[in-house]
Structure formats: structure tokens, C-alpha cells
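All remarks here apply to the structure that follows.
The numbers here are math on the coordinates, done by the rules we state, and not lab data. Predicted model only: the values in this text are computed from it and were never measured. Here the Cβ positions follow ideal geometry from the backbone for every residue, glycine too, while neighbour counts run over all protein chains shown.
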Amino acid sequence: MSDPNAPTDPNDTRGTDDGDRPRDPTLHRPDGGTNVLKEGRDAELDRGPLQQWAADSIQNPERVYRALFYVAAIFFLFTTLFPFYWLLMVALTPEGQLQDIVFTPNGFNPGAFVEVFEVIPFHVYMFNSFVIALASTAVVLVIASLAGYAFGRLEFPGRTPLMLLVLIISFFPPAAFFIPLNDLFNTSFFFLRPITGDGTLYNTPFALVTPLSAIFMPLAIFILTTFYSQIPDGLEDAARVEGTTRLGALFRVIIPLSAPGVATAGVLTFIAVYNEFFFSFLMTDGQPQNWAPILDGILAYQGQYEVLYHLMAAASIIGVIPVAILVVVAQEKIVSGLTAGALKE
Amino acid sequence: MARVRLENITKRYGDETAVDDISLEVEDGEFVTFVGPSGCGKSTTMETVAGLTEPTEGRVYIGDDDVTGLAPKDRGVAMVFQNIALFPHMDVYENISFGLRLRKYDDEEVRRRVEEAADIVQLEGMLDRMPAEMSGGQQQRVGIARAIVRNPDVFLMDEPLANLDAKLRVHMRTELQRLHRELDATVIYVTHDQAEAMTMSNRIAVLNDGKLQQIAPPLVCYNEPTNLFVAGFIGSPSMNFVEGTLVEGGLETNNFTIGLDPGRLSGVSIGDDVTLGVRPEDVHLTQYADSLAAPTDPIDARTDVLEPMGDEVFVYLLLSEAAEGSMDQDPATSPNQLLMSVTPDTEIEANEDVDVVLDRSKIHLFDTATGDALLHGLTDRSEREPGTTPTEADS
């Protein structure tokens, strides 16, 4: 028996305090077996800080994971939030002093947030964007609900190929649709004259709502199919026996119980349409009275001889605020929907 | 309340036939149970009545109306589901009143009827609870209240007690019987539990493989099953079946012979395979058989395993050495084994040689080839006359 308090010989492969006990041969390691994992106190004497840190992290991996989490979180927060911070600095800098802005503005001009509405009718652009995004979301949710019901709850031949086809459409580049759509929307239809005046859809919300709904529809269908297929058949049967049609069961039972899914699909669609660039840029002439969206509003601060960067920045921030609010509100809805919708099957 | 009539209902899913040409009639105010093993088509048959499934062929009538093409909501039926199927996002009041509100009854009427229905199923004071806050039994009561509140013509119950625990199930069984009596309702009830079927129904419809096997009052199904399937399905533990061959003067099995006049059996002749069926309670020890009017000759047997159930003891009997060690076979169908039920005070031990007799009046004979019943009870007046039966002649 060796004295457990005796100084440890790093080359002693027998171990220090358990001489008589049979030892697991795998503990004899090629480096001479310093026994660091077993005898923390003694082993500290013959290790550097890095070795010490490595040994600690092997014993307490949670600490490393937590550290990694903070590193990753800070990285993502920085890359997403710093542009906003910089945008704010640009917006607060008075016109003509835009050089060398890094962490603080050159001067202080909060009036830019008012000025944006004075130079051009930016609120009209915002209203246009809202109408377009809300209309697209409504169209997408109604049609995707019907499609999701069919794909999720009915058996019919060709269901899987059809679903794949729908998903494939969402992979098409929007530019591929642009020329035919632009041509179509500039064609005058006599039956549209009472609605749009000249009979074309160009410069109306329809020119944006129609293609954007179609492009963001497959994702919504996919989300809603997943949710609707998980509602027990018994609930739909019960609703139908109690007095609804299939459609009634969809709207009274299946959709309320799939609230988190509907909220997710709705929020994603709204944000995607609100942020969309390609069609928003091309399907109107950029005039606020012609349903031009926010994008055109921001670009309108770009004149022939000067670019009002500080107003563009202020307008961008104002444009982001509604979406930020929506996300915060919807997130609460989604979480509450997930916890309240406990189903018993 | 109304009659329900099914006419040649057939339902196919692709090549699979779930329901095969079922015709039956449920009388006004009658409680009929569809019973059968899993996948026998009983739920599908009920769904054709509810309108949740459209039959491939055949017509459904409720009252005098052909409802085959009608939507479920227009049929005047209410349904109670196995998985209870309460709407989890509505409280009890909203769940019960769902159908009434859809039909645009005024609020006062809705409240009155909901409270009345809640009274009947003893749910007073729980109307503002959410389904998730209730026990399984309470949830199923809400399901039943939702069904009765609309005062439907027909109640459909699809294994409503299957998800409840055993004690609650027995309790709800009596409640459902009370409800049926109070409401005087036409009820179609689906279950795979033959105890539920026996205790609750006016008539039982036994289904197997999508075909209707027998529809009759419970005791008729028990005492006079039309075929091997019904005989084996109704009754717990199951009836003993012993395969044998019809010979001159009797039925010969591996281990014993039962005397009978083959001329009494129509459809089979000497040399055909016939299956003898006898329930465990109709097998008796010879020394206790004095009370029997018509016992068979004693059969040598050896007791194997005893199962004391408290009110009775099940005794597994081996009829031959060959049977020993073959207990993995179901005793009900093995030709060399019999299950006997005796009273708990009977003096009997495992691994004991005993003589048993069968009650001739309770023996059932089935055509082995078709499964159809040939005869229920070997005693009738002509057999009891001395000297005329082969048994008497033999002994």
C-alpha cells in the first residue's frame, strides 16, 4: 500500500492509491497514465492551464456547450442587429455629414423620421404594402387550407405526385414568370374595365397579390397539410355528425385546432410578401397612387442629383417596425396555441 | 325515434371487401349491438348508417326515408365515439351545444336543452370546464350528452367504453342501459367486447369477415349459435370444440364417442366430419352428474391446470397422453383437451385422473366443412324414449 498523500510519480503506471485493487487495464495509457481524471488534486501539479481546461471540459461538457451557445448567439445577434444599429446611426446623421459613421452618428437629427413623410407620401407606400401583404396572406391561407385539407386528410389517387408538383413550383425562379405575367397584366380585358379603368391589372394590387400568392402558396400548403393531417379523424367525424359539412368541419374544428400552423403559415407569407423585391419593383410604375409598395417608397428618396441616404435609412427602419411587432405578437400566439391545443387521441 | 334498415350493404376498398352484403333491420326503440373481432366490418357498417362512409352497394333507410346519399348532418343521427372526440378548443357547454348552435336554435332553448342533457348524464356544474380538465368517464359523459341533446332519431355508439378503465366501463354500461330505458331510443352499438354485447342489447348482430353471422337476442346467440364462429365468439371462456367423424350410431372423436342418430342431422351423412361443441359449464365430473337428465358416457381425462376465479374454477382436462405437453394449443380448439368449469368447493386437484360427462342437452353439433350448426341439444322427446337411441342401446 502506498501512502495516498505521497507525491505522485507521473511515470507510475500502477496508480497511486489503489495498489492492491485489480485495475482496469484500459486505464494504463500510452502517455504514462497521469491519472488526471481520477486524481484531480494531485494531477494539478503537473499540467498547464490548457490541459487543465481540457480536463475540466471533459468532466463538465455542459460548460463548453454553454460557452459555444453564447459565442454562436452573440455572433448571430451581431450580424443581424448591427446593420439595424448602423441604419439608425445613418438615419440620425444630418444630411451631408455621412462620412465616417462607425458607432456614433455625425450629429443628431431625429427629425429625419418626420421628414420621410414630408418629402414623399411614405405612409401611402406603407399602406399599399400592408394591403398587398394582407390580401396575399388571406388568399394564401384560404386556398392553402383547402389544399392542405385535401392533401392531409383525403385519400385520392395521385396525391403524392400532385403534392410534389406543388412543391416543385415553389422552386422556380420568379424571373421565369415575369415576362409572361407582365405581358398578361398589361393586356386590357373588357370585363376588368369597371374595376381598373383601363382594363389592365398593371398598377393595381392584383398585379402583386396574384403572383406573390402563387409563389408563397406551396410553403403554406406544406405547413398546413402537416398540421391538418394530425387532427384525429374522430373530431372531424363528430363535427360532421353534429351538423357541419366537411368544409364546416374544416373551419370550425380543424383550423382552430391547427392555430399554430395557420399562424406560422400566415406570418411567413405576410413577411415574405412584405419584403418581396422582384415583383414589387416591376409590377407598378412606382407611384404611390398606383399601389407602389414600400420598396418604391424607399427608392423614391434617390433623386437624379442626390441620394437622401439618411431618409432612406429612416424609412427602412419605419418599414421594419410593423413586421417586428407582428413577429413578437404572433410568436406569443404560436406558443400559446402549442400549449393549449392538447389533443386526446 | 325511428327504425333503421340496411339493405344489402357492401363496402369495398379497392380489392378489399370490408362489409359483404349485410341486410338487417333495427326496430324503433331497440338496442342492437354489432359485435365481432377487429376488422370484421362492424364499425364500417355503422359508419354507413352515420353517413361517414358511403356504401359501395346497398341502401340505408332511417324511418321510411332512403338516406343512402344524405350527408351525416341530415340523417337525424347522433354518434358517440371510441376516442370520445370532444372538441378540445371548446368547453363542455360549447361541446354539448355545438349541434344546436349550428342549427340556429335560440340561446334560451339551447341553454335549456344543454342543462337537461347535462342533468341526464350527471354533469351538473361542469359546463364551463374544458375537456382536458376532465377524467375519461366525465369526457365520455359529455360525448353522450352531446348526442342526446339533439334528440336524434338514432344513436350510434362506436365502442364508447373501450378507452375507459375496467371499473368505469362496468359502471358506464349500466348507465347506458338506464339511458336507453329513459330515452326509449333506437341504439346501434358497436363493440368487440362480448360481455357488453350480452348485457346491454335487445339483439346482437355477430359479424365476421364483413358478413353477418347471426342476429338474435343475446341468449339465443349463446344457446343456439348458428355456426362455429358465433359459438366460439359468444361466451367467455370460449366453447370447447372437438372434431370428430359421423359414424353409424354416433359421433366418433379421437378419445370418445357420443351416441346419436345420424338421421337427425340434415346435410351431413355417415363419414362426414362433424364438430362437437360444448361449453365449459356443461362438462361435469361423473360423481356430480346425478342431476343431469341426459349425461353422456363417462370420458377418461386427466386434470392439467386449475384456474380458480373465485366464483368458479376452470379445469383444463387432457383427454389423452398425446395431449400432454401440447398446452401451447388453444384448449378450445385442440381435439384432445377440454375446458371444464366447476364450483369452487369441488374436490379436484391438478394431475388427477377423473371421469367427466357432457350434458347431452347442451351439446352443439356443427358441420366441420361449412361451420354451420346442425343441432343444438342431443335430447328431444324421441331420444329420451328408452331403447330408441344408440346410447341407450350401447349401454
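What FRET efficiency comes out for A:Ala67 versus A:Asp233 if R0 is 41 angstrom and r is the Cβ-Cβ distance? Round to the nearest 0.05.
My answer for the efficiency is 0.30.
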B:Asp21's amide H: which non-local residues (gap 5+, or another chain) put their own amide H closer than 5 Å, with H modeled 1.01 Å from N in plane and none for Pro or chain starts?
-> B:Thr10, B:Lys11
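Going by a ≥ b ≥ c, the root eigenvalues of the Cα gyration tensor, does the stretch A:34-185 fall in the rounded group (a/c under 1.5), the prolate group (a/b larger than b/c) or the oblate group? Can you show the working numbers first?
On the way: a/c = 3.69, a/b = 1.34, b/c = 2.76.
Verdict is oblate for the stretch A:34-185.
Computed FRET efficiency, Cβ-Cβ of B:Ala369 and B:Asn254, R0 25 Å: what is it to the nearest 0.05? Numbers along the way, then the final one.
Working: r = 18 Å, r/R0 = 0.74.
Using R0 = 25 Å, I get an efficiency of 0.85.
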A correct Karplus calculation of ³J(HN,Hα) over the stretch A:232-238, with 6.51 cos²θ - 1.76 cosθ + 1.60, θ = phi - 60°, whole Hz and x for Gly and Pro, returns x, 4, x, 5, 5, 4, 4
Which percent, to the nearest 5, of DSSP beta bridges fully inside chain B are antiparallel?
-> 75
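Taking each residue in B:71-81, count the Cβ atoms of any other chain within 10 Å of its Cβ, then average. What number comes out? Provide the component values of the computation, followed by the final result.
Working: counts 6, 10, 9, 2, 1, 0, 1, 4, 6, 2, 7.
The shielding value for this peptide is 4.
Starting with the fewest neighbours, write out B:Ile120, A:Ile58, A:Ile143 ranked by other beta-carbon atoms found within 10 Å of each beta-carbon.
Fewest to most other Cβ atoms nearby, the residues stand as A:Ile58, A:Ile143, B:Ile120.
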Which distance in nm do the two modelled labels at B:Arg178 and B:Asp64 give, with both placed 7 Å along the Cα-to-Cβ direction?
-> 3.8
Residues meeting the amide H criterion for B:Leu374 (H placed from the backbone, H to H distance under 5 Å, 5 or more places apart or on another chain) are B:Leu365, B:Phe366, B:Asp367
Quantify how strongly other chains surround peptide B:87-99 by giving the mean number of their Cβ atoms within 10 Å of each of its Cβ atoms.
-> 4
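Please work out how much length the chain gains when fully extended from A:Phe82 to A:Thr187, using 0.36 nm per residue of separation minus the C-alpha to C-alpha distance, in nm with one decimal.
Working: separation 105, 0.36 × 105 = 37.80 nm, distance 4.50 nm.
Additional length available on full extension: 33.3 nm.
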Could you give me the ³J(HN,Hα) list for the stretch B:191-208, computed from phi with Karplus coefficients 6.51, -1.76, 1.60 and θ = phi - 60°, whole Hz, x at Gly and Pro?
-> 7, 9, 9, 6, 5, 4, 4, 5, 7, 9, 8, 6, 9, 10, 10, 8, 10, 8
How many lysine pairs does the protein assembly as shown hold where the Cα atoms are under 19 Å apart and the two sit 8 or more places apart or on different chains?
-> 4
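Using packing as a proxy for protection, rank B:336-347, B:305-316, A:61-72 so that the peptide with the highest average count of other Cβ atoms within 10 Å comes first. Present the calculation step by step, with values, prior to reporting the outcome.
Values: B:336-347: 17.2, B:305-316: 14.2, A:61-72: 10.6.
Result, highest mean first: B:336-347, B:305-316, A:61-72.
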Shape call for the protein assembly as shown from the C-alpha gyration tensor, a ≥ b ≥ c root eigenvalues: rounded (a/c under 1.5), prolate (a/b greater than b/c) or oblate?
-> oblate
What distance in nm separates the simple spin-label points at B:Ser320 and B:Thr346, each placed 7 Å from Cα in the Cβ direction?
-> 2.3
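Within a 10 angstrom radius of the beta carbon, how do B:Arg101, B:Arg141, B:Arg113, A:Arg159 rank from fewest other beta carbons to most? List each step's numbers first, then the result.
On the way: B:Arg101 16, B:Arg141 23, B:Arg113 19, A:Arg159 13.
The fewest-first ordering by Cβ neighbours comes to A:Arg159, B:Arg101, B:Arg113, B:Arg141.
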May I ask for the net charge around B:Asp106, where only other residues with Cβ less than 12 Å from the Cβ of B:Asp106 are counted and Lys, Arg are +1 while Asp, Glu are -1?
-> +3
List, in order, the whole-Hz ³J(HN,Hα) value for each residue of the stretch B:234-244 obtained from phi through the Karplus relation with A = 6.51, B = -1.76, C = 1.60 and θ = phi - 60°; use x for Gly and Pro.
-> 8, x, 9, x, 5, 5, 6, 10, 10, 7, x
Please say if the stretch B:131-178 is rounded, prolate or oblate, where rounded means a/c under 1.5 for a ≥ b ≥ c the square roots of the C-alpha gyration tensor eigenvalues, and otherwise the choice is prolate for a/b larger than b/c and oblate otherwise?
-> oblate
Percent antiparallel among DSSP beta bridges with both residues in the protein assembly as shown, to the nearest 5?
-> 75
Rounded tilt (10° steps) of B:92-102 against the dominant C-alpha axis of chain B = 70
Choose one of A:Leu311, A:Phe103, A:Val329: the residue whose Cα lies farthest towards the positive end of the charge dipole of the protein assembly as shown (beta-carbon charges +1 Lys, Arg; -1 Asp, Glu; about the Cα centre).
-> A:Leu311
What does the charge count near B:Phe87 come to, summing +1 for each Lys or Arg and -1 for each Asp or Glu among other residues with Cβ under 10 Å from its Cβ?
-> -1
Please find the FRET efficiency linking B:Asp15 to A:Gln302, where r is the Cβ-Cβ separation and R0 is fixed at 60 Å, and quote it to the nearest 0.05.
-> 0.30
By how many nm would the segment from B:Lys211 to B:Ala166 grow when fully extended, if each residue of separation counts as 0.36 nm and the alpha-carbon distance is taken off?
-> 13.3 nm
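Could you work out the local net charge near B:Val354, counting Lys and Arg as +1, Asp and Glu as -1, over the other residues with Cβ closer than 10 Å to its Cβ? Mind showing how you got there, number by number?
Working: positive: B:Arg302; negative: B:Asp300, B:Glu349, B:Glu352, B:Asp353, B:Asp355.
Surrounding charge for B:Val354 is -4.
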Projected label distance in nm at A:Asp198 and B:Asp353, using a 7 Å step from Cα toward the beta-carbon = 11.3
Summarise the partner chain shielding of B:52-61 as one whole number: the mean count of Cβ atoms from other chains within 10 Å of each residue's Cβ.
-> 1
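Calculate, in nm to one decimal, what B:Leu292 and B:Ala132 gain on full extension: separation in residues at 0.36 nm each, minus their alpha carbon distance. Please report the intermediate quantities before stating the final value.
Values: separation 160, 0.36 × 160 = 57.60 nm, distance 5.65 nm.
Result: 52.0 nm gained on full extension.
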